[in-house]
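Here the structure comes first, spelled out in structure tokens, and everything after it is commentary.
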Amino acid sequence: MTIADSGDDPADVVVAALAAAVSLAADQIKTSQRLAQIPGMESVKILRAVVRIEDYYHINVPDDFLFETATVADLIDLVARLVKESR
Amino acid sequence: MVHLWHLLADACSAGNALLVPPQDQRFAMTEVLDRAERTASDVLAVVERPRRVGVLMANGEPWLRGVLTALRLDAAAVPLPLPVGFAGADAYVAHLRRVAADASLDAVLVDSSLRRFITSRIRAGLDPVPLLDITEPVRPHGPDRPPCGGGDELAVIQYTSGSTSAPKGVTLTHRNVASGLNALIGGLGFAPDDVVGLWVPLFHDMGLFMMLSGLANGSTVCLWRPADFVRRPLRWLTEFVGSGATVLAAPNFCYEQLVEAAGREPVPELDLSRWRLATNAAEMVRPATQVAFEEIFGRYGLRPGVLSPGYGMAEATLIVSAQSGHLGPGWRALSVDRDRLDAGHQVRPVDPDDPAARTVVGCGPCPPEVSARIGDETGTAYPDGTVGEVQITGTPVTGGYLNLPPAQQPFTPDGWLRTGDLAFLDHGELFIVGRLKDMITVRGQNYYAEDVEEIVRATPGIERGRRAAIAVSDGSDERIVVLWETAVDPDRASTLAESARERVRDQIGLAAVEVVPVAPTTIPHTSSGKVRRRAALQVYLTHRDSRPVPEGDPR
């Protein structure tokens, strides 16, 4: 699944964007994982994934989000909240 | 006696400003100085006589004001790193605590760019050192007592050296920094109307001293944050051009990211003809990046020679050598035999297509304030074209690391600073080829083999075997490799190796790490039990070359 056909559920969109950033299949990303623990992930790739999510939903993920310690689930929650606020 | 507060105040006027384009902010420098006066009063209300003041926040006006406040109070400014990369929160706070203790910090200045969560963790970790939020100055006036001191008093303590377990603070006096800023202004050929643009973190020596040199030149300085660049490199470039900036300093990574972005998305209409200098320094300069950047952005008016390699370090305030942009002769690369790049060897020029060729980029000449020689550990200089350690002297060069006994200070017997970098000189230009120390630099951050080895050693299942950690650099790729002797079965060994690698990334934020299981008694040792590094490197190279090549891997 790519971000383009992941529908409107932030959980799917976030996982698809992260998976694409490190060339993994979406089912290899666990929501309980810390972003930093996704195999092959580094800070630049995280930011690239975030940009794709931002473009998809037309939202802005704030700079002060703690990418360093956040889990995939934390990022999904944040994106879901931002999407809700933007509508 | 030179005092940086006065030096910067005299150079600044209502005409030059600090711009923060993403926040649409513009502060006349006279206003920033006035706000720093008021912030100094705010700090004095909490700490009676601060000697060392930490600055911990994201790029912005408060960061600059924090440094100016320290100078106004005759305290040394101690830039502190943000939790960038992927080091976990615990490791980060522990590192800050070690720096705070080493520097004897009296206060740490922060602003609203640090989230509440992180601030509370840091506050608890640094206790009893007070964290003072200087987002906005409160008091209406500056302190009555004018700045005094300066000269040989400490102005900045920069923690960019040393392992994470034993951080080393580079001490820089007002005299060092004033001379270093002059060296930057002259060495980079700043014009009166130059505008300096920066996205690199200000807590890094390149960010700090490029900003201060711009201000000392009376220039306007534009600030972005690293994420502004990394998220959308081409949009950032458009803003950089739109801000009127003419000078940029950034690591090779920046130029590489711009080249990549231009390959994957449409480049906006840009006129880069006013761009005068793009210094490429703070990590290994890659010839391929230089060539690709000039080719792609030349189509948008970038002039030949604007992209200029440089070489510097906090120990020299910043600049050791650099090309000065399009007014200079442009950059040079030499192809040399990669097997003759050890200390004491005369380099051998080879054809660029020779299989042994390594292309090395020239990092320009030294400014008059700094002298560099290539020498051995006794300080004996080698002739041009011989590889050896870069050793430097001059007014901008540090007197040493804070709290380190004289015997451990990095000086030759005749007082030149030993940089630990390997280079050769050719027609007065420094060509950096590697390092004496087992250390690599990624995006301006130094990583030490000993730190990596310590983390690997502590990985459950790995502690029993012998290990050797070495830094591997072939000019385009730098990594730390840990050889690990083990008799466990290959699948289990590779799982353990991967988990050790993840721990390294988790704890110090370094991804360029390889943990290589090897058979027992493979790691070469001297009779006294020390690892023979050169031979260990050969073990790694042999191992790497014998691995099956995955499909699609161009290696």
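Restricting to the range B:376-389, name every residue that is farther than 13 Å from B:D342 by Cα and either outside the structural domain of B:D337 (by TED's automatic domain parsing) or open to solvent by less than 40 Å² (accessible area, probe 1.4 Å) (or both). The answer is B:G379, and nothing else. The condition of being under 30 Å from B:V472 (Cα atoms) and among the basic types (K, R) holds for B:R231.
For (1) assigned to a loop (DSSP other than H, G, I, E, B); (2) closer than 30 Å to B:G394 by Cα; (3) open to solvent by 40 Å² or more (accessible area, probe 1.4 Å), each residue gets a yes or a no:
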position: B:R418; (1), (2), (3): no, yes, yes
position: B:D421; (1), (2), (3): no, yes, no
position: B:I432; (1), (2), (3): no, yes, no
position: B:I462; (1), (2), (3): yes, no, no
position: B:A471; (1), (2), (3): no, yes, no
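Would you be able to say whether some residue in the range A:19-39 is within 14 Å of chain B (Cβ to nearest Cβ), without any contact (Cβ under 8 Å) to a residue 24 or more places away in the chain and in contact with a Leu (Cβ under 9 Å, 6 or more places away or on another chain)? Yes: the range A:19-39 contains one or more residues that are within 14 Å of chain B (Cβ to nearest Cβ), without any contact (Cβ under 8 Å) to a residue 24 or more places away in the chain and in contact with a Leu (Cβ under 9 Å, 6 or more places away or on another chain). Checking the range B:492-507 against the condition returns no match, with no residue being under 23 Å from the mean Cα position of the chain (by Cα) and assigned to a strand (DSSP E or B).
From the list B:A497, B:A519, B:A512, exactly one residue is among the hydrophobic types (A, V, I, L, M, F, W, C) and away from chain A (no Cβ under 14 Å). Which is it? Write out each step before concluding.
Values: B:A497 fails: away from chain A (no Cβ under 14 Å); B:A512 fails: away from chain A (no Cβ under 14 Å).
Of B:A497, B:A519, B:A512, the one residue that is among the hydrophobic types (A, V, I, L, M, F, W, C) and away from chain A (no Cβ under 14 Å) is B:A519.
Return the only residue of B:R358, B:R303, B:R373 being among the basic types (K, R), closer than 30 Å to B:L4 by Cα and either assigned to a loop (DSSP other than H, G, I, E, B) or not assigned by TED's automatic domain parsing to the domain that holds B:A282 (or both).
Working: B:R358 fails: closer than 30 Å to B:L4 by Cα; B:R303 fails: closer than 30 Å to B:L4 by Cα.
The conditions single out B:R373.
Has the range B:29-45 got any residue that is at pLDDT 95 or above and assigned to a loop (DSSP other than H, G, I, E, B)? Taking every residue of the range B:29-45 in turn, at least one turns out to be at pLDDT 95 or above and assigned to a loop (DSSP other than H, G, I, E, B). In the set (1) surrounded by 24 or more Cβ atoms within 10 Å (Cβ to Cβ); (2) in contact with a strand residue (DSSP E or B) (Cβ under 6 Å, 6 or more places away or on another chain), B:V195 fails one condition alone, (1).
Results for (1) assigned by TED's automatic domain parsing to the domain that holds B:H204; (2) in contact with a Leu (Cβ under 6 Å, 6 or more places away or on another chain); (3) modelled with pLDDT under 85, shown as yes or no for each residue.
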| position | (1), (2), (3) |
| --- | --- |
| B:A87 | yes, no, yes |
| B:A100 | yes, yes, no |
| B:S120 | yes, no, no |
| B:P128 | yes, no, no |
| B:H141 | yes, no, no |
| B:P146 | yes, no, no |
| B:G150 | yes, no, no |
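When the range B:230-249 is filtered for residues that are away from every other protein chain (no Cβ under 11 Å), open to solvent by 30 Å² or more (accessible area, probe 1.4 Å) and not small (G, A, S), the ones remaining, listed by number, are B:T238, B:E239, B:V241.
Among the residues of the range B:331-345, the ones that are surrounded by 14 or more Cβ atoms within 10 Å (Cβ to Cβ) and either over 23 Å from the mean Cα position of the chain (by Cα) or more than 29 Å from B:L277 (Cβ to Cβ) (or both) come to 9 in all. So, in the range B:504-528, how many residues would count as being open to solvent by less than 70 Å² (accessible area, probe 1.4 Å) and under 28 Å from B:L96 (Cα atoms)? Residues flagged as open to solvent by less than 70 Å² (accessible area, probe 1.4 Å) and under 28 Å from B:L96 (Cα atoms) within the range B:504-528 amount to 11. Taking the numbered list (1) more than 13 Å from chain B (Cβ to nearest Cβ); (2) surrounded by 19 or more Cβ atoms within 10 Å (Cβ to Cβ); (3) not small (G, A, S) in turn, A:I46 passes all entries but (1). Being assigned to a loop (DSSP other than H, G, I, E, B), farther than 16 Å from B:A103 by Cβ and among the β-branched types (V, I, T), is that true of even one residue in the range B:71-84? Yes, the range B:71-84 contains a residue that is assigned to a loop (DSSP other than H, G, I, E, B), farther than 16 Å from B:A103 by Cβ and among the β-branched types (V, I, T).
Which of the residues spanning the range B:282-307 are open to solvent by less than 10 Å² (accessible area, probe 1.4 Å) and touching a residue at least 40 places away in the same chain (Cβ under 8 Å)? B:Q290, B:L307, listed by residue number. Could you grab me the full set of residues in the range A:66-76 that are within 13 Å of the chain's Cα centre (by Cα), within 11 Å of chain B (Cβ to nearest Cβ) and crowded, with 18+ Cβ neighbours inside 10 Å? Result: A:F67, single match. Of all residues in the range B:55-62, none satisfies being part of a helix (DSSP H, G or I), within 14 Å of another protein chain (Cβ to nearest Cβ) and among the polar types (S, T, N, Q).
For every residue, the table says whether it meets (1) outside the structural domain of B:V93 (by TED's automatic domain parsing); (2) under 24 Å from B:L223 (Cα atoms); (3) modelled with pLDDT under 95; (4) small (G, A, S).
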position	(1), (2), (3), (4)
B:T164	no, no, yes, no
B:P167	no, no, yes, no
B:V170	no, no, no, no
B:T173	no, no, no, no
B:V177	no, yes, no, no
B:L181	no, yes, no, no
B:G189	no, yes, yes, yes
B:V196	no, yes, no, no
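Just checking, which of B:E31, B:E37, B:E48 is of a type outside the set (G, A, S), in contact with a helix residue (DSSP H, G or I) (Cβ under 7 Å, 6 or more places away or on another chain) and at negative phi? If you could, list the steps in order and put the result at the bottom.
Working: B:E31 fails: in contact with a helix residue (DSSP H, G or I) (Cβ under 7 Å, 6 or more places away or on another chain); B:E48 fails: in contact with a helix residue (DSSP H, G or I) (Cβ under 7 Å, 6 or more places away or on another chain).
When all the criteria are applied, what remains is B:E37.
Take B:I122 and decide whether it is within 14 Å of another protein chain (Cβ to nearest Cβ), open to solvent by 10 Å² or more (accessible area, probe 1.4 Å) and touching a helix residue (DSSP H, G or I) at 6+ places or on another chain (Cβ under 8 Å).
Working: within 14 Å of another protein chain (Cβ to nearest Cβ): yes; open to solvent by 10 Å² or more (accessible area, probe 1.4 Å): no; touching a helix residue (DSSP H, G or I) at 6+ places or on another chain (Cβ under 8 Å): yes.
Here the answer is no, as B:I122 does not meet what is asked.
The values are calculated or read from the model by the stated rules, or taken from the named source; none is laboratory data. Given the structure is predicted, the values throughout are model-derived calculations rather than measurements. Backbone-built Cβ (ideal geometry, glycine too); neighbour counts: all protein chains shown. Side chains included, ligands, DNA and RNA excluded: accessible areas come from the protein's heavy atoms. Shrake-Rupley method; radii C 1.70, N 1.55, O 1.52, S 1.80 Å.
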